[in-house]
């Protein structure tokens, strides 16, 4: 298990392995449904974000061998980033009328801009991670990075970009857990991914934006009050950024400078703190505490508490009751004296 601290205060955690295998019951369930990719319907979808992310879709898919879409009417309506994630296989494709063939292994990348047609055909079934990007959405991100005009990505085939690979692996992993995804974290990863793509794979790149020391005291208070008042609701990175009138990417940077925590880390920390308070000072059931602090259910709360503080709600509530009994016994003893 490795971790990487990236710009904007995001930490990506991933497992280095030759292939990613879904649990058999989940994989079988997906295959029985023959669910198709939302990015490329000819592919069999194993997992992904669906419509949860604004302007982007991330998926883990299977593509069958020797499938060649010869009709240019199937040109992609989105920018597509492909990361090979399974066993090695050869890919045939066509650029400028010339056919090319290369052996792809895990981590090799393709940048396929919107409208670009390369007639790809694999030698055998392959597992691929796909990131589908709405051109209008990424153009807005580019504008926030001081890039003007329509964003044009450069087609690239068969190259390595370790940071890009790690970001996409981290993003898909957020939607392959057996607990609901942390959408603020997923949105943070997405904006970091898109900023990286704009800088390195667009025609013009971008000019650096002068960063401030952090959010002003007034703006920080506004955001923190909003988070605390809405811990039981689904929070989004874009909503937080809109509160102070800046882009989500810029907001991530300034919030981290102001608090020392990325937005998703801050939200989880305060949700757990509120859950601890409710567990130890109210008679709400654990399931009710989970709902009141923004967790999907009791199981979700239990797993996050165990991960972050090493205690489960039942243990925490049990310890609290034990302390109250001891305190009561001590007070009774003092009164007898």
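Points worth noting:
- Residue within the range 236-252 that is under 18 Å from residue 213 (Cβ atoms) and in contact with a strand residue (DSSP E or B) (Cβ under 8 Å, 6 or more places away or on another chain) present: no
- Complete set of residues in the range 127-139 that are more than 15 Å from residue 80 (Cβ to Cβ) and in contact (Cβ under 8 Å) with a residue 60 or more places away in the chain: 127, 136
- Helices (runs of 4 or more DSSP H) completely within the range 98-205 that count 1 or more residues being touching a helix residue (DSSP H, G or I) at 6+ places or on another chain (Cβ under 7 Å) and within 20 Å of residue 61 (Cα to Cα): 162-174, 183-201
- Members of the range 90-101 found to be in contact with a strand residue (DSSP E or B) (Cβ under 9 Å, 6 or more places away or on another chain) and exposed (fewer than 15 other Cβ atoms within 10 Å of the Cβ), listed by number: 90, 95, 99, 100, 101
- Where a residue in the range 141-164 is over 12 Å from residue 203 (Cα atoms) and its partner, wherever it lies, is part of a loop (DSSP other than H, G, I, E, B), with Cβ under 7 Å and at least six apart: 144/247; 145/206; 145/209; 146/206; 146/207; 146/209; 160/107
- Criterion applied to 235, 231, 284, 240 was being without any contact (Cβ under 8 Å) to a residue 60 or more places away in the chain, part of a loop (DSSP other than H, G, I, E, B), closer than 22 Å to residue 189 by Cα and not assigned by TED's automatic domain parsing to the domain that holds residue 151, and the one residue passing it is 235.
- Screening 272, 267 for residues that are farther than 24 Å from residue 143 by Cβ and within 20 Å of the chain's Cα centre (by Cα) leaves exactly one candidate, 267.
- In the range 287-307, the residue that is nearest to the chain's Cα centre (by Cα) out of those that are part of a helix (DSSP H, G or I) and surrounded by fewer than 14 Cβ atoms within 10 Å (Cβ to Cβ) is 307.
- The one condition in (1) buried (at least 17 other Cβ atoms within 10 Å of the Cβ); (2) under 20 Å from residue 233 (Cβ atoms); (3) modelled with pLDDT under 90 that residue 261 fails to fulfil: (1)
- Residue in the range 59-70 that is assigned by TED's automatic domain parsing to the domain that holds residue 193, within 23 Å of residue 198 (Cβ to Cβ) and modelled with pLDDT under 90 present: no
- The single condition among (1) surrounded by 19 or more Cβ atoms within 10 Å (Cβ to Cβ); (2) at pLDDT 90 or above; (3) under 21 Å from the mean Cα position of the chain (by Cα) that residue 239 does not meet is (1).
The values are calculated or read from the model by the stated rules, or taken from the named source; none is laboratory data. Just so it is clear, the model here is predicted, and its values are computed rather than measured. Counting neighbours? That spans all protein chains shown, and the Cβs are built from the backbone with ideal geometry, glycine included.
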